[in-house]
Every structure is written in C-alpha cells, then in structure tokens.
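Novice: Structure incoming, see below.
The values are calculated or read from the model by the stated rules, or taken from the named source; none is laboratory data. Quick caveat, the model's predicted, so the values are computed rather than measured. Glycine gets a Cβ as well: all are built from the backbone with ideal geometry, and neighbour counts include every protein chain shown.
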Ligand SMILES: Cc1cc2nc3c(=O)[nH]c(=O)nc-3n(C[C@H](O)[C@H](O)[C@H](O)COP(=O)(O)OP(=O)(O)OC[C@H]3O[C@@H](n4cnc5c(N)ncnc54)[C@H](O)[C@@H]3O)c2cc1C
Ligand code: FES
C-alpha cells in the first residue's frame, strides 16, 4: 500500500453490516418496504462467515407455541408458556437482562419461527436444553438455514457485497450517515452512504486465543460503535463454553470434551493432573453436570493453578466405566458428535477412551454484551441500529442455550421494522458524508505503513489474545485486572508502532489483521474496565475476590461510553417490567 | 517454535493470480494433527505475511477454505497435513490472489 488510494462509493437507503442470521433476516423483511438495501459482509459469500453457519443448532421457542401453534406434539410440553420462557431467560441472565427486551423477544419468537417454516425450514426434533425448564430447543440444521437465507436474498434481489470489511461509522453531530471500510478483494477503501445503518456483525470471540467461533469475529461492530461514542453495555460478560479441545491444533476449540463430560449425554469425569475429580469442590451434587458458569470457573481454576495437563486443559475421563460398557459408546444418545463434528471425522482426534482421557479447556463462545439498544434496535446515535449477537440487553449476564438463534431472527426482523418505519415517518434521512472524516479514517487506517516503529503486527495481535486469555478470562480478581489494564496501555502504545511489511493490495491479510487488532484492543479495553469495576460475581463474570452475587449493590448494568480518549462507565438499573431478584447477597452460580 | 528434532514439512503454494503465477515452497515444523489451515496460518503469521487465503469457521462448515491439494479439492481446515504437499486455488472460481478466490458469482453449497 502506498499513499495513492482509491475509494469506491455506494449510496443506498439501508446498509446492513453482516450477512448472516440477523443481517439476512433484516434484509428479507426490508425488501417488503421497497427500500434499497445493501448487505456487506466480511464473508466470501453468504454463509461463508459468522457464527450462524457454525451453529449446532438449537433454536429456542416456548414449548406451548410449539405444541399448539406449530402442532409439534413430540418432545414438547404444552404446560410451558411465554411467561415461563421469559422467567428462564431472566434466571439464566441473573436478572440484569432488560425485561422490555425479553418481553418482546418471547412474544415475537413464534412469529419468526413461523417465517422460517414458511420459507422451508424443516425442524429435526425438540429437546430440553440446559437452563430451560421446558423442552424448547428446536433442533435445526444451520446449513439448511443458510440455504434458505441465500434463496430469500436472491428472491428479494438484495445486493450483497462480499469480502468487505467495514471499519468505521460515518457520522456528523450524532447522526449516522453511512459506513467506511475496506474492499478486501480490490484493496480499495469503500464508503456507503445510507439513511440507516444496521450493525449485525456478531460477537468478538476471536479476541481470545481459544474459541469455538470463526476467525473474522473480532468485535468490529462494538469497536466501531465505541469509537463513534455509541453506548455499549454488559461488556464484562463474554461467555465461555466449558469443554473444548486445547489440542491438537486442527480441532482446537471443538467442543467434543464438553459433550463427553457436561452436556448430559455421556458421564465423563473431569480430573486434574493429580487425578482429583475437582468438581466436588464446586458442586458436589451435580458435579460435571453443574451450571456452565460454575463448570467453566472450576476448570479455569485448575488450569490457572497449574493442575492442568500438558496442553493447557483439564482431563475428561471415561475410565470409571468398564471397557465392555465403553464398547457401546456409539449407541449412547446421541453419539453422532463422537463420529463427526462439522467436517471433522472425530475418530481421528479422540484417543482410545478405554485408555486415555482427553484434554478439555473452556473456549470463548459468545458475547452477551455489546451495543445498547432499545426494544426497536435503536442505539443512541440517530440512524444507527443494531441486531443479533452484537447487541446487549436480552441475555443479561448469560444466555440460555438456543436463544442466540432466536435472538438473531427476532431482532433482525424488529430492526428492519423500525428502520422502515423511521424512514417512512421521515425520522431519519440521508445526511451528508463528512469528507474530512473519510480522509481521517483513511489516514488512520494507513498509519501502519508510515508510522515510526518496528513492531510486528502478528506479535501485537498474539499478545492481545494472550492478555485477553490471562486477564480478561473466566476467573478474575483485582490484581489480574489491574495488570491487564497496564498491559493494555502497553499494547495500545505498541499498536502505534506497528510497521506493516506487506504491500499487496488484494486480500492483504496483514493489513486486514492490523485493522482487526485495533478492534480487538477496543473490546479488550471495554471488558477489562467493566470487569474491574464490577465488585461481585454474576453469570459469566466471576471474581475470586468478590465471589458472591450481590443483588443489593450490583443489580445494575454497566454502560460504556468513550469520552475524550477514556472509557467511562455509567451504572444503570435494568429495565424491570415483572420480576425482580431478591435484594440479597447470594452464592454464585446457582 | 521448532526445536532441532521437530520434523519439517514442505508446503508448495501456487502464488499470484490468473495472469501471473509461480510456485513457492515453505518449510514449516510439522505439528501432530495440524490442518492445512494451521499450516497456512503459520506461514502467514510467522514466515510470509503476504500469503493470501480464506478462512472462517475452521470446522468444515462454511466451505470457504477450499483449496486443491495435490490436485484434489479439499477443505483446508479439515484436511490434516501428513507430508509435503502442493496447494493451488479452487479452480472453479476466479483467483483474487494466491489461494484466495472470489466466490461471489457462484454460491455452491
Ligand atoms: C460453534 C458455535 C455454535 C453455536 N451454536 C448455537 C446453537 O446451537 N444455538 C444458538 O442459539 N446459538 C448458537 N451459537 C451462537 C449463534 O450462532 C450466534 O450468536 C448467532 O448465529 C449470531 O448471529 P448474527 O447474525 O448476530 O452474527 P454472525 O452469524 O456471527 O454473523 C456476523 C456477520 O457480520 C459480518 N461482519 C462482522 N464484522 C464485520 C465487518 N467489520 N464488516 C463487514 N461485515 C462484518 C460477518 O462477516 C458475518 O457476516 C453458536 C455459536 C458458535 C460459535
Ligand atoms: S474455514 Fe470454513 S470450511 Fe474451512
């Protein structure tokens, strides 16, 4: 790259950043309103990026609607209700969910499920998943969902621009006028002017070195919103799945060990390197079948206190079972994941379970926090909307299984309704692009080619991930977090001394990762600051020095805002419509 | 990363685009059960940041990482590196650069 650059320009009514569950749903709905829509995605086509295609996948709908409205009589329970679903979401989120959002969610979920059925989705079966008091997990095939989205986007003639990395919001006086980014294929910059911008960019799991999630999910949506002084919330609650391979490299992040121990299908024992079944210290009754929060904390404690295995995990063992019982493992319910995960033949990666244990580590899996929205996906910036995993409010401190899929279909749709309505009413309209801002973004993006310094991009990126793992991981305390914040300052300085070495224009991964790393640092900062300030443990935020859930002082959300180069935290009361937790201090995780 | 007794493996990659290309060989330490994706990551991260290739899900679901391995179409993320190999871009699509192709016009699934 040199100082000569080209900007590709587009203009549309609505630009949607993200082509998967939330983004595609929004585009399909917007097509009904005669608006010009452009979807941009980092993916090489719809279904080639994002978490949606990786789903396994359960989609949560209240069992009563499944039974009565959808006539699904097998595996469901008509005793369930939207109210029960509402209650479980709050219980799982430890009550810091926004109840107006949860209310809208449980109301809309059956309608959006109906849309998917109308578009051709074939549910496989219904099951009761962790955290739900009724069977609400409709098992669907993620690749089938993607085929449906592709078909609908084609039918609605939605324009999709692939391999586009949106890096910044364009705005003036608190009003959003479009987005700025990089066309990764041509190597040119790109601006898209729009009346409305919808961020549907998913989570930031790739901030962590071990994750179940795809490579490109580097928290870009939250980071660009943060830089544009858009409010974020609940950033201290990234969620980890307790039980993934730390090794071998090819299957790092694959969750088979979780299924062997904790997912309720096969009763593996989790052991530390001394052979202790350490869950006894945390939950002597449910042991490996404890809540995901407690299991993750327990595993992390063993690993960080040096009682893990050579690859950085704890052990999952089946050796308490006789060999001639293990012989039948493929007949246990349901065994398919031992044979196949995604495109992997798992038999190549599992040891002889009669002889050896597998190593297992928690992996970054979901972002509960993100952009603060109201019940119509509006943010505090006029013209800017957000939907899906990039948002905060629905899940509170932790989400229920299957409810992320429901999140993207319900909220993608609500965002589209709000955008259509706001444009029609003239509440939002095209405002001019600030040319100076575009120039500034170009200069900032290209800084890595001109700034003084000898830092290597990859070494900064590696250290950002390492810091996230060690200091913004599952078990936190004051000194870890403060040290993390110090390291963060250093990483920010080092980022400014990165010298990029690759001058290719087309699909320059070093340049792409340089821009992503900036976003990862912004996410890390938000997580560390929020985690440091929250002096209690709740959901996916656990502090060794404040191990209880404090509903007297901390029945609060932390809203993050970026002011004068500093992160500011505002404490807000969660929106309550129906239920409040007892105002007491409780034991963590139950 | 590699100690003296780590076995090495040669990954030869067709670089460039449809107008101009050449083969380049990288020698990398062979880790137990590493995928082609892991090998490409290693090369890009530590040997040659200019290498272009696509990855996303890394579990064989998005089908975006398809490459031709010794002439056969394979997913980079689920194919294990067992010895020396030659990698070329997926010939069904126009090449952007190196192993990165543009899948825009054709949504195969
Ligand atoms: C392995 C795995 C299994 C899961 N299984 C389940 C399950 O069974 N049930 C369930 O409910 N949930 C599950 N989840 C969670 C769920 O898949 C996600 O929360 C959900 O799919 C998010 O949808 P989304 O549309 O918000 O974002 P995503 O599907 O993550 O899509 C994000 C989109 O934004 C694009 N994007 C991101 N940044 C940029 C940028 N800067 N510029 C342009 N485009 C950008 C991406 O390319 C992508 O198109 C799982 C997650 C993982 C990782
Ligand atoms: S990266 Fe998705 S299939 Fe290989």
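Novice: Of all residues in segment A:349-370, how many are surrounded by fewer than 13 Cβ atoms within 10 Å (Cβ to Cβ) and touching a strand residue (DSSP E or B) at 6+ places or on another chain (Cβ under 7 Å)? Talk me through it step by step, then tell me what you get.
Specialist: As a first pass, look at segment A:349-370 and keep what is surrounded by fewer than 13 Cβ atoms within 10 Å (Cβ to Cβ): A:351-352, A:355.
From the residues that got through so far, the ones that are touching a strand residue (DSSP E or B) at 6+ places or on another chain (Cβ under 7 Å) too are A:351.
Residues meeting the conditions: 1.
Novice: For segment B:52-74, state whether one or more residues are away from ligand 2 (no atom under 14 Å from the Cβ) and touching a residue at least 40 places away in the same chain (Cβ under 8 Å).
Specialist: Looking for residues that are away from ligand 2 (no atom under 14 Å from the Cβ) and touching a residue at least 40 places away in the same chain (Cβ under 8 Å), one finds at least one in segment B:52-74, hence yes.
Novice: Could you please let me know if residue B:11 is part of a strand (DSSP E or B) and either touching a residue at least 60 places away in the same chain (Cβ under 8 Å) or within 11 Å of chain A (Cβ to nearest Cβ) (or both)?
Specialist: Spelling it out, residue B:11 is indeed part of a strand (DSSP E or B) and either touching a residue at least 60 places away in the same chain (Cβ under 8 Å) or within 11 Å of chain A (Cβ to nearest Cβ) (or both).
Novice: Is it the case, given these coordinates, that residue B:91 is over 22 Å from residue A:252 (Cα atoms), surrounded by fewer than 16 Cβ atoms within 10 Å (Cβ to Cβ) and within 8 Å of chain A (Cβ to nearest Cβ)?
Specialist: Spelling it out, it is not the case that residue B:91 is over 22 Å from residue A:252 (Cα atoms), surrounded by fewer than 16 Cβ atoms within 10 Å (Cβ to Cβ) and within 8 Å of chain A (Cβ to nearest Cβ).
Novice: On to the next question. For a quick check of your reading of the model, give me the residue pairs whose first member lies in segment A:489-510 and is within 14 Å of another protein chain (Cβ to nearest Cβ), whose second is part of a strand (DSSP E or B), with beta-carbon atoms closer than 6 Å and at least 6 apart or on different chains.
Specialist: Close Cβ pairs satisfying both conditions: A:498/A:455; A:506/B:96; A:506/B:97; A:507/B:96; A:507/B:97; A:507/B:100.
Novice: If you scan segment B:61-88, which residues turn out to be within 7 Å of another protein chain (Cβ to nearest Cβ) and surrounded by fewer than 21 Cβ atoms within 10 Å (Cβ to Cβ)?
Specialist: Within segment B:61-88, B:80 is the sole residue that qualifies.
Novice: Kindly state which strands (runs of 3 or more DSSP E) lie completely within segment A:154-220 and contain at least 3 residues that are crowded, with 23+ Cβ neighbours inside 10 Å.
Specialist: Strands (runs of 3 or more DSSP E) meeting the threshold: A:164-172, A:175-183, A:189-199.
Novice: So, in segment A:553-587, exactly how many residues are surrounded by 11 or more Cβ atoms within 10 Å (Cβ to Cβ) and assigned to a loop (DSSP other than H, G, I, E, B)?
Specialist: Our first condition is that a residue be surrounded by 11 or more Cβ atoms within 10 Å (Cβ to Cβ); within segment A:553-587, this holds for A:553-562, A:567-572, A:574-581, A:585-586.
Cutting the leftovers down to assigned to a loop (DSSP other than H, G, I, E, B) gives us A:553-556, A:574-581.
Total satisfying the criteria: 12.
Novice: Now, a different point. Among the residues of segment A:135-163, write down those that are within 17 Å of residue A:36 (Cβ to Cβ) and within 11 Å of chain B (Cβ to nearest Cβ).
Specialist: A:153, A:154, A:160, A:161
Novice: Could you check, for segment A:250-257, whether at least one of its residues is touching a helix residue (DSSP H, G or I) at 6+ places or on another chain (Cβ under 8 Å) and more than 14 Å from every other protein chain (Cβ to nearest Cβ)?
Specialist: No, because not a single residue in segment A:250-257 is touching a helix residue (DSSP H, G or I) at 6+ places or on another chain (Cβ under 8 Å) and more than 14 Å from every other protein chain (Cβ to nearest Cβ).
Novice: Looking at A:453, A:393 in this structure, which one is modelled with pLDDT under 95, farther than 19 Å from residue A:170 by Cβ and either touching a strand residue (DSSP E or B) at 6+ places or on another chain (Cβ under 8 Å) or outside the structural domain of residue A:263 (by TED's automatic domain parsing) (or both)?
Specialist: None of the other options fit; the residue is A:453.
Novice: Which of the numbered conditions does residue A:223 fail, given that it passes all the others? Conditions: (1) more than 16 Å from ligand 2 (Cβ to nearest atom); (2) in contact with a strand residue (DSSP E or B) (Cβ under 8 Å, 6 or more places away or on another chain); (3) over 19 Å from residue A:163 (Cβ atoms).
Specialist: Only one criterion is unmet by residue A:223, namely (2).
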